[in-house]
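Below is one structure, written out as structure tokens; the observations come after it.
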Amino acid sequence: MNDAAGELEESRLQKAVETIVITPEAAAKLVDGYRATFETKFKREPESLEDKRRVAAKIIGRYSKLSAAAGAVTAAPSVIPGIGTAVAVLGGGATDVAIALKLQVDMCMCLVEVYEAELSSEDKKHLAFTIALAGSAESMAAKGGKAAVQKIAEKLVYQYLRGPALVTIKQLFKRVSITFTQKAMAKAIPAGVGVAFSSSTNYVLTTVVGRVAVAVLAKDVK
């Protein structure tokens, strides 16, 4: 693939993901549901850092399971909205990547709402995209155990957050696209499961990205 074709594919991937991710407003409604469940169980609002971690853990668990379901192509359309749109935009080529990224951005959008509810909608969106894309790309590229990978990804997410949001997000889509492609070409995934990896790999990657997001957001990145 030449540079021009690569840039076109990255642009289409970015367009597809930006089209199918949830809005900050939709994320706020989802998080309100988690907060209500917490209040019912514990008879208080989730205001402390530990309380927020409990809510965040529920969100990460949900999206990790959805990501695992996305590994089963036949089941994905029934549980994950937006797949048809991704296919229309990408023509099927990088749809699996778009679905995986969509779920990670959705998750991070909810986690941003848990920790940074006072930000503007635009800032929430930029923050969620940056954390999800950087966390995913760096988690896939890093070597070592899960804890080591998480620390490396967390450190690099901070670096990305210092840059101009729109430029950083565009750069990260390029990095994610390259990383996913390299992993697939290196046969680092079981044969026949596509770039979205196996269910178990999807689950682990999304969980790590969620934990990176919590580590970053809990330290207040504003």
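The values are calculated or read from the model by the stated rules, or taken from the named source; none is laboratory data. Please read these numbers as outputs of a predicted model, since none were measured by experiment. Heads up, the Cβs are rebuilt from the backbone with ideal geometry, glycines too, and the neighbour counts pull from every protein chain shown. Keep in mind that these areas ignore ligands, DNA and RNA; they rest on the heavy atoms of the full protein, side chains included. Shrake-Rupley method; radii C 1.70, N 1.55, O 1.52, S 1.80 Å.
Order the following by accessible area, largest value first: 25, 138. Probe radius 1.4 Å; ligands, DNA and RNA are ignored.
These residues rank, largest area first, as 25, 138.
Please report Rg (one decimal) and Dmax (integer) in Å for the Cα set of the range 125-179.
Every Cα atom of the range 125-179 included, Rg and Dmax give 10.6, 32 Å.
Peptides 203-210, 150-157: what's the order by average Cβ count within 10 Å, highest mean first?
203-210, 150-157
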